[in-house]
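Colleague: The structure that follows is given in the form of structure tokens.
Only the coordinates and a few stated rules stand behind these numbers; no lab work does. As the structure is a prediction and not an experimental result, all values here were calculated from the model. We place every Cβ from the backbone using ideal geometry, glycine too, and count neighbours over all the protein chains shown.
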Amino acid sequence: MEFIVLTIESTASTNDDVKQAALLGGPEGLVIRAETQRAGRGRRGRVWESPEGNLYASVLLRPPFPPRDYGKVSFAAVLAVGEALDSYLPPQAIRLKWPNDVLVDGKKISGILLESIEGGLVVGIGINILRKPEHAQYPATCLADRGTVAISDQTIPAVLNSFLSALDHWYGLLITEGFEPLRTAWIARAQKGTLRVRIKDADIEGVFLDLDSDGSLYLRSPEGTEHRIIAGAGDVLANEQGFSSA
């Protein structure tokens, strides 16, 4: 896929910008990156703090499959973020939190927001490069905190280019071979162990068992009950010690 990257200084939301461009006939592969966002958001309408120095970008895709399967693209995106960070962090420190976050040593460094539009899909990413949010709901980190590599003016474009290259691979694989290769790769890098998932106002705690063929999460509760949680229906939460991981 050919990506067309437009960089702007500030905007309310790169997802909104790409949605507007899509309505005007924007091509698949259009990418809008902003240095700051005034109204960035995450899943369920949560505020995504967007200070200067981090990566905020949205990609327009036009998947050749039904909208009911669009959620699988989030696994392609989160795998791509993980690979983009591999050059900066020890791979064993990076874990993928169901359904669409990336953790480093148990702290959130990136999130994905998918929003469907007529005839397409917007994939928004946020990656903490120089700064972490001051009022995060969960423990957060950034590349600069890790101290493993020098951060320069070229880091954000480099991370974006690596992400887009990996997204092209995983999205292409999803189209040509289906979800199974993504499922296998995601499980290999998944946050496992004991997880706590919030569904509306109720919490379900259990040990990670598997990822279903549609992206649903399987947990086994301490009582031995197996729970299947549909992707998009819940969020894995932090506990007092941070995120659990295998």
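Colleague: Quick check on the range 194-236: take the gyration tensor over C-alpha atoms, sort the square-rooted eigenvalues as a ≥ b ≥ c, and tell me if it's rounded (a/c under 1.5), prolate or oblate. Provide the component values of the computation, followed by the final result.
Modeller: On the way: a/c = 1.98, a/b = 1.07, b/c = 1.86.
The shape class here is oblate.
Colleague: May I ask you to sort Phe163, Phe65, Phe179 by Cβ crowding, counting other Cβ atoms within 10 Å and putting the fewest first?
Modeller: Final ranking by Cβ density, sparse to dense: Phe65, Phe179, Phe163.
Colleague: Continuing with this model, one more query. Given the pairs Lys107/Lys192; Lys72/Lys132; Lys72/Lys97; Lys19/Lys97; Lys108/Lys192, which span a C-alpha to C-alpha distance of over 19 angstrom in this model? Display every interim value, and only then the final one.
Modeller: Details: Lys107/Lys192 14 Å; Lys72/Lys132 27 Å; Lys72/Lys97 14 Å; Lys19/Lys97 26 Å; Lys108/Lys192 15 Å.
Over 19 Å Cα-Cα: Lys72/Lys132; Lys19/Lys97.
Colleague: Additional query: Out of Gly178, Pro99, Ala57, whose Cα points farthest toward the positive end of the dipole of the chain (charges: +1 Lys, Arg; -1 Asp, Glu; placed on Cβ)?
Modeller: The listed residue farthest towards the positive side: Pro99.
Colleague: I would also like to ask the following. Which of these, Ile156, Ile230, Ile94, has the largest mean-square fluctuation under a Gaussian network model of the chain (Cα springs below 10 Å)?
Modeller: Highest fluctuation among the options: Ile230.
Colleague: Where does the Debye-calculated log10 I(q)/I(0) of the range 23-147 sit at q = 0.14 Å⁻¹, using only Cα point scatterers of equal weight, no solvent?
Modeller: Taken in order of the listed q values, log10 I(q)/I(0) reads -0.60.
Colleague: Have a look at Ile127, Ile199, Ile112 and tell me which one the Gaussian network model of the chain (Cα, springs below 10 Å) gives the largest fluctuation.
Modeller: Ranking Ile127, Ile199, Ile112 by mean-square fluctuation puts Ile199 first.
Colleague: Mind pulling the per residue volume of the convex hull built on the Cα atoms of the range 118-200? Å³ is fine. Please list the in-between numbers first.
Modeller: Details: hull volume 16.5 nm³, N = 83.
Per-residue hull volume (Cα only) is 198 Å³.
Colleague: How do Lys97, Lys192, Lys19 line up, fewest other C-beta atoms within 10 Å first? List each step's numbers first, then the result.
Modeller: Numbers: Lys97 24, Lys192 15, Lys19 20.
Neighbour counts put them in this order, fewest first: Lys192, Lys19, Lys97.
Colleague: Then there's this: Give, to the nearest whole percent, the P(r) tail of the chain beyond 26 angstrom, counting all Cα pairs. Write out the running numbers ahead of the final one.
Modeller: Details: 10559 of 30135 pairs.
Value for the chain (Cα pairs over 26 Å): 35 percent.
Colleague: Ok, one more. Quote the charge dipole size of the chain about the Cα centre in Debye, to the nearest 20; the model charges only the Cβ of Lys and Arg (+1) and of Asp and Glu (-1).
Modeller: Working: 25 positive and 31 negative charges, 79 e Å.
Charge dipole of the chain: 380 debye, to the nearest 20.
Colleague: Looking only at Ser165, Ser13, Ser58, which one moves most when the chain is put into a Gaussian network model with springs between Cα atoms under 10 Å?
Modeller: The residue that fluctuates most here is Ser165.
Colleague: I want the local charge near Ile187. Using Cβ-Cβ distances under 12 Å, sum +1 for each Lys or Arg and -1 for each Asp or Glu among the other residues. Intermediate results must be reported in sequence, preceding the final value.
Modeller: Numbers: positive: Arg95, Arg183, Arg189, Lys192; negative: Glu180, Asp210, Asp212.
Within the 12 Å Cβ shell, the charges total +1.
Colleague: If I require 15 Å or longer along the helix axis, counting alpha carbons, and a Kyte-Doolittle average no lower than -0.5, what helices from the chain are left? Use full DSSP H segments.
Modeller: 73-85, 155-177
Colleague: Let me ask something additional. Got the relative contact order for the range 95-246 handy, in percent, Cα pairs under 8 Å and 6 or more residues apart? Write down the numbers at each step before the final one.
Modeller: Details: 232 pairs, mean separation 31.3, N = 152.
Relative contact order for the range 95-246 comes out at 21 percent.
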